[in-house]
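Asks: Got a structure for you, written out below as structure tokens; questions coming shortly.
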Amino acid sequence: DGIENFELEMMKYKNANFFLSTDSPDIKNYFSNKSLLKDKIIVFPRTTSLENSRSLQTGIQEDLIELYLLSKNKIIIGSHFSTFTEVAWWLAECPENITIL
């Protein structure tokens, strides 16, 4: 249900590629392998698993890398109540092009 809302929003940007940052392996798998947009998805090549990244030093470093990469996008589409999205928005100097679903 939530994935479809994101996919519909992303389809508004026909010529764009999308940097995907998520803590959900299922969402990462869907957008990377099953979505109509799969050829437009860019992900950071993590060496740690999303399931336990917060308990490993390398995982936390990779989470931070993803946060900075997300903040460098011209448009951010994020989740409601996501502090990750909010911090990326702040790091991006609060652009107006943000959509919260």
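The values are calculated or read from the model by the stated rules, or taken from the named source; none is laboratory data. Just so you know, these numbers come straight off a predicted model, no measurement behind them. Backbone-built Cβ (ideal geometry, glycine too); neighbour counts: all protein chains shown. Accessible surface is based on the protein model in full, side chains and every heavy atom, while ligands, DNA and RNA are left aside. Shrake-Rupley method; radii C 1.70, N 1.55, O 1.52, S 1.80 Å.
Asks: So, in the stretch 1-57, how many residues would count as being open to solvent by 60 Å² or more (accessible area, probe 1.4 Å), acidic (Asp, Glu), in a helix (DSSP H, G or I) and farther than 21 Å from LEU67 by Cβ?
Replies: Adding up the residues that qualify gives 2.
Asks: So which pairs qualify, if the first residue must be in the stretch 23-40 and farther than 22 Å from GLU62 by Cβ and aliphatic (A, V, I, L, M), the second must be open to solvent by less than 60 Å² (accessible area, probe 1.4 Å) and part of a helix (DSSP H, G or I), the Cβ gap must be under 8 Å, and the two must be at least 6 apart or on different chains?
Replies: Pairs that qualify, where the first residue is farther than 22 Å from GLU62 by Cβ and aliphatic (A, V, I, L, M) and the partner is open to solvent by less than 60 Å² (accessible area, probe 1.4 Å) and part of a helix (DSSP H, G or I), are LEU36/GLU7; LEU37/GLU7; LEU37/MET10; LEU37/PHE31.
Asks: Restricting to the stretch 62-81, name every residue that is modelled with pLDDT of 95 or more and either of a type in the set (Ser, Thr, Tyr) or more than 14 Å from SER21 (Cα to Cα) (or both).
Replies: TYR68, SER71
Asks: Among the listed residues ILE100, ILE65, ILE60, which satisfies the condition of being surrounded by fewer than 16 Cβ atoms within 10 Å (Cβ to Cβ) and in contact with a Gly (Cβ under 7 Å, 6 or more places away or on another chain)?
Replies: ILE100
Asks: Has the stretch 80-87 got any residue that is out of contact with any helix residue (DSSP H, G or I) (no Cβ under 6 Å at 6 or more places or on another chain), under 16 Å from GLU9 (Cβ atoms) and open to solvent by 70 Å² or more (accessible area, probe 1.4 Å)?
Replies: yes
Asks: Does ILE77 satisfy being within 12 Å of the chain's Cα centre (by Cα), aliphatic (A, V, I, L, M), surrounded by 14 or more Cβ atoms within 10 Å (Cβ to Cβ) and assigned to a strand (DSSP E or B)?
Replies: Spelling it out, ILE77 is indeed within 12 Å of the chain's Cα centre (by Cα), aliphatic (A, V, I, L, M), surrounded by 14 or more Cβ atoms within 10 Å (Cβ to Cβ) and assigned to a strand (DSSP E or B).
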